[in-house]
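The values are calculated or read from the model by the stated rules, or taken from the named source; none is laboratory data. Computed from a predicted model, the values in this text were never measured in an experiment. Glycine gets a Cβ as well: all are built from the backbone with ideal geometry, and neighbour counts include every protein chain shown.
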Amino acid sequence: MNPALDITTSTATVQRTEKLRCSAARYDPGGGGVNVAHVADVLGAQATAILPAGGPAGEMVCKLLVDQGLTIQQIKISGATRESFSVNELSTESQYRFILPGPELSPAEQDKCLRTLRQAAASAAIVVASGSLPPGVPPDFYQQVSNVCAEIGATFMLDTSGGGLKRIESGVFLLKPSLRELRECVDQELGTESEQLAAARGLVTRGRAQHVLVSLGARGALLANRQGAQRFSPVHVPPGSGVGAGDAMVAGVAVGLTRGWPLTKAIQLGVAAGAAALMTPGTAPPTREATERLFAQTQEPADLDLTPSSDE
């Protein structure tokens, strides 16, 4: 719902000064759902990106996606698609990311997004909603998407934050918050693994999602559902840009499910895709070759003891 034109550059040192001389910029189509569709396409799935886009940045996002061979459905909006800016500091290998809020969508534009989704997803096996909600879109919008998926019989996966995450009540097959997003959702520190699992399991027992996959970055991921909990070990790769790694993970899981794999094996593909994304510049998708190579290095998940939550 909030795509972006991602601009990536580098400079020797980021400091308070009048001018920072940067390298040539790299332009990529970005935003959660766009990234997921792009990675799924690279991994061999038949994917369509549905996105509201407007203004010069929006037209460039759509052109880049089409030029890269991705099927898209653009909902034209009156506002201008946002730009996001990332600067790699060469002296420290740190990355600075500047994220703009995005255009305000009118009620009519929001309704057109839902109608387009309903039509396009009628024959889809999986619908993924990913990313933040732009200004003007109510926090229960992704619940409306969930309702559409329930009506058409599509499996719904969601990766979002803030109000979009807090206002989900039902219908999600797999919810993938980062640890930071899970903390914000339950308003707790979640300093221990047991607390993290209890928070994730609470979302399951309250019927908000069948499975909750908590991404932990370099520490892998945790999966909680009514059957129990599992820990997925990371695949270690050289440090790189973390932009889009979580989206690549979601795409890998979705692709694994479309291959008919069990959820745990699909998550292992997601772990591999997320790691492979660290090896690419900007928000460029990981290659299929790198993802499959890293997938061969993934380990079977470890079953965890999970004390039932108080509301079970």
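Of all residues in the range 285-312, those being acidic (Asp, Glu) and at pLDDT below 95 number 3. Modelled with pLDDT under 95 and under 27 Å from ALA124 (Cα atoms): is that true of GLN95 in this structure? Considered against the rule, which asks whether it is modelled with pLDDT under 95 and under 27 Å from ALA124 (Cα atoms), GLN95 comes out as no. Filtered by the rule that a residue be assigned to a loop (DSSP other than H, G, I, E, B) and surrounded by 16 or more Cβ atoms within 10 Å (Cβ to Cβ), the range 122-149 gives ALA124, GLY131, SER132, LEU133, PRO134, VAL137, ASP140.
Matching residues to (1) at pLDDT below 95; (2) surrounded by 17 or more Cβ atoms within 10 Å (Cβ to Cβ); (3) assigned to a loop (DSSP other than H, G, I, E, B):
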{"site": "VAL237", "(1), (2), (3)": "yes, yes, yes"}
{"site": "GLY260", "(1), (2), (3)": "no, no, yes"}
{"site": "LYS265", "(1), (2), (3)": "no, yes, no"}
{"site": "VAL271", "(1), (2), (3)": "no, yes, no"}
{"site": "THR283", "(1), (2), (3)": "yes, yes, yes"}
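Looking at the structure I just gave you, is PRO177 within 16 Å of the chain's Cα centre (by Cα) and either within 18 Å of PRO301 (Cβ to Cβ) or of a type outside the set (Phe, Trp, Tyr) (or both)? Yes: the conditions hold for PRO177.
Taken over the range 1-13, the criterion of being part of a loop (DSSP other than H, G, I, E, B) and either touching a Cys at 6+ places or on another chain (Cβ under 8 Å) or over 30 Å from GLN68 (Cβ atoms) (or both) is satisfied by MET1, ALA12, THR13. Once the range 101-119 is narrowed to residues that are under 17 Å from VAL34 (Cα atoms) and surrounded by fewer than 16 Cβ atoms within 10 Å (Cβ to Cβ), the residue that is modelled with the lowest pLDDT is PRO101. In the set (1) over 30 Å from GLN268 (Cβ atoms); (2) exposed (fewer than 13 other Cβ atoms within 10 Å of the Cβ), GLU93 fails one condition alone, (1).
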